[in-house]
1. Considering Cα pairs under 8 angstrom that are at least six residues apart, work out the relative contact order of the chain and quote it in whole percent.
2. R0 = 22 Å: FRET efficiency of Ser49 with Glu89, Cβ-based, nearest 0.05?
3. Give me the net charge of Pro126's neighbourhood, meaning all other residues with Cβ under 12 Å from the Cβ of Pro126; Lys, Arg count +1, Asp, Glu -1.
4. Given the chain, what percent of its DSSP beta bridges are antiparallel, to the nearest 5?
5. For the chain, set up a GNM with springs between Cα atoms under 10 Å and report which of Leu47, Leu120, Leu187 has the largest fluctuation.
6. Restricting things to alpha carbons, tell me how big the stretch 97-159 is in terms of Rg and Dmax, in Å.
7. Give me the log10 of I(q) over I(0) for the stretch 100-224 at q = 0.10, 0.21, 0.22 Å⁻¹, as the Debye formula computes it from C-alpha points; what are the numbers?
8. For the chain, set up a Gaussian network in which alpha carbons nearer than 10 Å are linked by springs, and say which option among Pro27, Pro95, Pro176 fluctuates the most.
Amino acid sequence: MMMHDEQTKITFFGTSGAVPEVGGDSPTFLINDKYLVDTGWSVIDNLRSRGHDPLQLEYLIFTHFHHDHYMSLPSLLFYYLMRGRPLEELKIIGPAEDLHLIVRRAIDFLHAERYGWANLSPVLIPLTPGEAYEEENFRLDTCSTAHPVQGLCYRFLDKKSGRMFSFTGDTAFHPPIIEHVRGSALLIHESALGPIAANPDKNDYMHSGAIDAAAIAEEAKVGKLLLLHGSAQIA
């Protein structure tokens with residue numbers, strides 16, 4: 001599925017739950033053919049089967065570090081190493097609490113010391129909620145999410161098109177997201193629990209429901225709401 005918003009393009013590879021259906025994947029999508037959000041289970045196959053060269057990625061953006069969102073990171077790094085692209089040419093943005101640990105373990109998983117890769121690493125850009133990252137073509141602003149591990153809700157400004165959209169990653173109903181995503185042309189919000197009512201006093205939930213996401217979108221006055229991370233087993 002593709003969504004075109006002037007010159008801003010979002011290509012979805014996965015929108016399913018933590019254990020996706022056959023042929024699907026957990027949430028992962030590509031922005032403007034160059035910026036990948038999360039890797040899901042099958043990053044290399046997702047990219048190549050849709051005509052995208054993994055070596056053309058410039059940034060990998062992680063919303064958080066639960067397994068279903070970074071499962072295939074080692075295979076992406078291995079592909080780079082096998083194809084001769086320096087890992088240093090890939091930039092990885094993600095929550096500061098876990099970014100260095102997860103990338104280091106992905107490299108160690110490849111027996112890096114055995115093959116002379118131990119000192120190789122992508123450029124890591126750790127962010128804490130409230131921090132921003134900006135380069136020539138885009139700007140990312142962040143706020144916190146409500147999840148058992150540190151997560152980031154991102155607001156993405158495409159400087160080339162002037163369009164802005166936001167994506168949450170996994171989160172329970174979290175009122176601070178409202179102001180952060182306000183006015184976005186599109187909000188990509190998880191909806192793993194199905195239609196439960198929004199309740200700011202029940203942040204013991206790990207995930208949002210469809211009504212929770214709709215409440216955020218309505219209050220923030222976003223242009224469109226797209227739900228993902230729903231389980232195929234939810235009727």
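A short reminder: the numbers here are calculations on the coordinates, not readings from a lab. The structure displayed is predicted, hence computed values, not measured ones. For neighbour counting, all protein chains shown are included, and Cβ atoms are generated from backbone atoms with ideal geometry for every residue, glycine included.
1. Rounded, it is 15 percent for the chain.
2. 0.45
3. -2
4. 55 percent
5. Highest fluctuation among the options: Leu120.
6. 15.0, 42
7. -0.40, -1.10, -1.16
8. Of Pro27, Pro95, Pro176, the most mobile in the Gaussian network model is Pro176.
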